[in-house]
1. For the pair residue 78/residue 51, report the inter-label distance in nm, with labels modelled 7 Å from Cα in the Cβ direction.
2. Please say if the chain is rounded, prolate or oblate, where rounded means a/c under 1.5 for a ≥ b ≥ c the square roots of the C-alpha gyration tensor eigenvalues, and otherwise the choice is prolate for a/b larger than b/c and oblate otherwise?
3. For the chain, set up a Gaussian network in which alpha carbons nearer than 10 Å are linked by springs, and say which option among 59, 38, 47 fluctuates the most.
4. What's the local net charge at residue 87, with K and R +1, D and E -1, over the other residues with C-beta under 14 Å away?
5. Sequence neighbours fewer than 8 away in the same chain don't count; with that in mind, list the lysines whose C-alpha is under 16 Å from residue 11.
6. Short version: ³J(HN,Hα) in whole Hz for each residue of segment 62-76, in order, from phi by Karplus 6.51 cos²θ - 1.76 cosθ + 1.60 (θ = phi - 60°), x for Gly and Pro, what are they?
7. Express the accessible area of the chain per residue in Å², computed with a 1.4 Å probe while the remaining protein chains stay in the model.
Amino acid sequence: MQILKLNDVKKSEGVIYYRRQYTAEAEIELPNCVDKIPISFIIETGPLGDKQFDLEFDPYKVNYPFIPIKKALKEYILNIDQMGALPL
């Protein structure tokens, strides 16, 4: 299982500057197919610069265990955020 990319990343406007909310479509390569699932996630920056992450998606849309997908998506999203590839 591998996260290929995020498509249609859109930032929701909010009034709290340290909390960023996004929606996207994740393209995931599974052992027998490539699947696209809609996701939403929030990245919140704490007072000491630490990142808190919340991810939501429908686990019934993917025929694969939930926890490995969630872990891989979290790592992928935090890496592209660190590189500055997410919309500000």
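1. Placing both labels 7 Å along Cα→Cβ, they lie 0.7 nm apart.
2. Details: a/c = 2.05, a/b = 1.88, b/c = 1.09.
Here the chain falls in the prolate category.
3. Highest fluctuation of the listed residues: 47.
4. On the way: positive: 10, 11, 20; negative: 8, 13, 81.
That sum, taken over residues with Cβ under 14 Å, equals 0.
5. Counting by Cα, and skipping residues close in sequence, residue 11 has no lysines nearby.
6. 10, 8, 7, x, 5, 5, x, 5, 4, 5, 5, 5, 4, 4, 4
7. Values: 6030 Å² over 88 residues.
Computed with neighbouring chains in place, this is 69 Å² per residue.
The values are calculated or read from the model by the stated rules, or taken from the named source; none is laboratory data. Predicted model, so just to flag it, every value in this text is computed and none were measured. Note that we place each Cβ from the backbone using ideal geometry, even for glycine, and neighbour counts take in every protein chain shown. Note: areas computed on protein heavy atoms with side chains; ligands, DNA, RNA excluded. Shrake-Rupley method; radii C 1.70, N 1.55, O 1.52, S 1.80 Å.
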